[in-house]
Amino acid sequence: NGDNATKAQLQASLKVDPAEKQFRVGVSWDGGSDWINSRSDIPQTRGYQEQGVLYPDWQYYLETAVWTPRANYEEKNFLLDWYAIKSFYGGPDPSLVQQFESRPDLYAPMSPDLPPGTRTFRYLNATPILSARTTRTALVVGSDASYTLVVRALALSGFDSRSLIPIRGGQYLDDHSGADLAQFDQLILYGYSVHDPSRAMSLLRNYVQHGGGVVMEANQSPFEEVGSAQEPIPGSQIKKVGIGPAWNLAGPQSPITAGIDLASFAPASYQGGPWGISYIPPSLVRPWAQPVLLSDGRPVLIAGSLGKGRVVWSGLNLPYHAVSNQVIEESRLLSQEIVWASPREATDSVFSAEFVNPQLRRVTITSPASGVLFKESSFANWQASVNGKSAHVYQAGPDFMYVPLGKDV
């Protein structure tokens, strides 16, 4: 029953345009979702009981990271951005309301006169549900767990959809064709597999030489321990060792590590024991690459240009370490690896979005755009067409949808 006084007060405090279709209302729990649904069809973040949740793990992450005492505003804003949240309920915990109130540069109070547990806010940097984009894209090839770790690692430093659109690429690198890979600015390889090692390396080498960027983690890769590694791996041999608790990291000046506080990294340990790293012996680093970070003299982060593209190779297992220890500086290092590997900056695209009905969206693009991002949960029945021709829909971010447009569209 949405007609009691408390619910009506919350609904009125949101002050949203009833015709709004491009931004969501953010609500921290099921009961709050019901309060909004009882009066409005403005898009919102849902609750677990609202006709089910397609990806409950992402829903849980949203609620526990945004509405949490942990004051990582970068992570909160990453999720507010990805879920296209513009107006949100700050409570019911008054201490969380105080967190939002302490950052008026990010969150504008909408109802400061209400009791602390019922106040609402507007996120000042909100991005829309449906948009045409020219934004850096990365096909993340790896297990489901690896994909989740990459997204959550980027969230810690707020590397949101305006900086990178991560695309779910599946477990096997060579399930993709060269034409498929060429649609994306970058590949992130983490916890991935291959069917045919020779074919996979040829595919990867061709992608880089023709201008693609690659960020590859050695951990759990099919080439983690090989006697003779091939390009584009920036060394002819990979070795492993356990270290810790000190990283003992050092290296030359590099845009990848610029401004990173290496001393703030969490200890190099796993369940009380050593942390496993991979490295390439200094004498075996290829001429086109150079070490960026060394651990006790061992090159553990190496970068270089090959053909028209760039490669960053890491033996740190950075996504897992960053997420398990919640270290923002480790996240920043990962984001700077991505920026260096694909230096193209985002540019604004001119578009209009029409919400024809609940089952049809139409985007008209009047300036160059590389893709369309649809921040709606991915579902097989959604289909896309570009100028009347069927187009593939990829899962992006917290399993929303992205359609690459190709060139000159």
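The values are calculated or read from the model by the stated rules, or taken from the named source; none is laboratory data. Please read these numbers as outputs of a predicted model, since none were measured by experiment. We place every Cβ from the backbone using ideal geometry, glycine too, and count neighbours over all the protein chains shown. Protein only, heavy atoms only, side chains kept; ligands, DNA and RNA dropped before computing areas. Shrake-Rupley method; radii C 1.70, N 1.55, O 1.52, S 1.80 Å.
Couple of notes before you dig in:
- The set of residues in the range 114-128 being under 17 Å from SER102 (Cβ atoms) and either at pLDDT 95 or above or in a strand (DSSP E or B) (or both) consists of THR120, PHE121, ARG122, TYR123, LEU124, ASN125.
- Leading residue by the ranking (modelled with the highest pLDDT) among those in the range 338-356 that are surrounded by fewer than 18 Cβ atoms within 10 Å (Cβ to Cβ), in a loop (DSSP other than H, G, I, E, B) and within 22 Å of the chain's Cα centre (by Cα): PRO343
- Hits in the range 286-329 (condition: open to solvent by 10 Å² or more (accessible area, probe 1.4 Å), touching a strand residue (DSSP E or B) at 6+ places or on another chain (Cβ under 7 Å), of a type in the set (A, V, I, L, M, F, W, C) and over 21 Å from TYR207 (Cβ atoms)): LEU294
- Scan of the range 130-155 for residues that are among the β-branched types (Val, Ile, Thr), farther than 17 Å from ASN77 by Cβ and in contact (Cβ under 8 Å) with a residue 60 or more places away in the chain, ordered by number: THR134, THR137, THR148, VAL150
- Residue in the range 98-107 that is surrounded by fewer than 17 Cβ atoms within 10 Å (Cβ to Cβ), within 30 Å of VAL214 (Cβ to Cβ) and of a type in the set (Lys, Arg) present: no
- Some residue of the range 357-377 being open to solvent by 30 Å² or more (accessible area, probe 1.4 Å) and within 30 Å of GLN220 (Cβ to Cβ): yes
- Pairs where the first residue, in the range 289-303, is in a loop (DSSP other than H, G, I, E, B) and the second is surrounded by fewer than 24 Cβ atoms within 10 Å (Cβ to Cβ), C-beta under 8 Å, 6+ apart: ASP296/ILE243; ASP296/ASN248; GLY297/PRO282
- The helices (runs of 4 or more DSSP H) found wholly in the range 1-104 and carrying at least 2 residues that are at pLDDT 85 or above occupy 56-66, 73-82, 94-101.
- Scanning the range 357-378 for residues that are in a loop (DSSP other than H, G, I, E, B) and of a type in the set (S, T, N, Q) yields GLN359, THR366, SER367, SER370, SER377, SER378.
- Selected residue [among the basic types (Lys, Arg), open to solvent by 10 Å² or more (accessible area, probe 1.4 Å) and touching a residue at least 40 places away in the same chain (Cβ under 8 Å)] from ARG70, ARG122: ARG70
- Test result for ALA258, open to solvent by 40 Å² or more (accessible area, probe 1.4 Å), touching a strand residue (DSSP E or B) at 6+ places or on another chain (Cβ under 9 Å) and small (Gly, Ala, Ser): no
- Exclusive hit being at pLDDT 95 or above, open to solvent by less than 30 Å² (accessible area, probe 1.4 Å) and part of a helix (DSSP H, G or I), set SER146, SER161: SER146
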